[in-house]
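A.B. asks: Quick one: the structure is below, and I'll ask about it shortly.
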Amino acid sequence: MTYRPLTIGWIARRAGVNVETIRYYQRRGLVLEPPRPAFGYRHYPAETVTYICFIKHCQRLGFTLREVGELLKLNDGHCTDVHSLVEGKCERIRAQVRDLEALSASLRRLADLCGSATKSEALESCPILHALTDRAETGAGSDEAAVRRTAEPPARPRQPTGFRSRREAVRRGI
């Protein structure tokens with residue numbers, strides 16, 4: 001059996017990542033960088049592939065590289081330490097899901113305002129744009145309040161001050 005030194009390219013192919021990914025992980029302290037021998041090529045231990053696959057799997061589960069680093073530092077710790085980190089991550093994900101559900105509900109209410117709109121209606125009378133413009137002009141109040149205020153379209157479409165049309169205001173981010 002012939003000894004074959006494990007180069008960064010070989011490690012990258014085995015782990016299914018780019019060489020630059022390994023270098024980035026090294027800069028972040030997630031993967032050890034072996035010393036450079038006199039002839040120039042670093043030789044990596046075979047378990048480097050395992051470390052990189054572990055990092056990628058953690059990322060697929062939603063862990064940040066900082067969190068992965070915390071997990072890797074727990075080699076001398078206990079299972080309860082890992083459990084605590086994972087539970088914390090689960091709680092943060094549940095909070096993100098709640099935030100996304102609230103955002104989705106707000107967007108759904110805005111979309112429902114246009115339920116009766118026809119394709120031929122002028123952009124100036126779009127209830128979604130009215131709700132968004134009201135919110136931008138006041139800078140206060142909830143999205144729900146803006147939706148309620150625009151449930152009945154105004155008698156005359158309002159136009160943001162200083163713009164020729166609502167379309168121009170939207171294009172400029174108002």
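The values are calculated or read from the model by the stated rules, or taken from the named source; none is laboratory data. Just so we're clear, the structure is a prediction, and the values are computed from it rather than from any experiment. Please note: Cβ atoms are built from the backbone with ideal geometry, for glycine as well, and neighbour counts cover all protein chains shown.
This table checks each residue for (1) surrounded by 15 or more Cβ atoms within 10 Å (Cβ to Cβ); (2) of a type in the set (A, V, I, L, M).
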{"site": "PRO34", "(1), (2)": "yes, no"}
{"site": "PRO37", "(1), (2)": "no, no"}
{"site": "PHE54", "(1), (2)": "yes, no"}
{"site": "GLN59", "(1), (2)": "no, no"}
{"site": "LEU71", "(1), (2)": "yes, yes"}
{"site": "ASN75", "(1), (2)": "no, no"}
{"site": "ASP81", "(1), (2)": "no, no"}
{"site": "SER84", "(1), (2)": "no, no"}
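A.B. asks: Please tell me if GLY77 is more than 30 Å from LEU129 (Cβ to Cβ) and out of contact with any Lys or Arg (no Cβ under 9 Å at 6 or more places or on another chain).
C.D. replies: Here the answer is yes, as GLY77 does meet what is asked.
A.B. asks: As an exercise: evaluate ILE93 against (1) within 30 Å of ARG4 (Cα to Cα); (2) in a helix (DSSP H, G or I); (3) in contact with a Gly (Cβ under 9 Å, 6 or more places away or on another chain) and give the number of the one condition it does not meet.
C.D. replies: Every listed condition holds for ILE93 apart from (1).
A.B. asks: From the set of residues in the stretch 93-123 that are surrounded by 12 or more Cβ atoms within 10 Å (Cβ to Cβ) and of a type in the set (D, E, K, R), which is modelled with the highest pLDDT?
C.D. replies: Filtering first and then ranking leaves ARG109.
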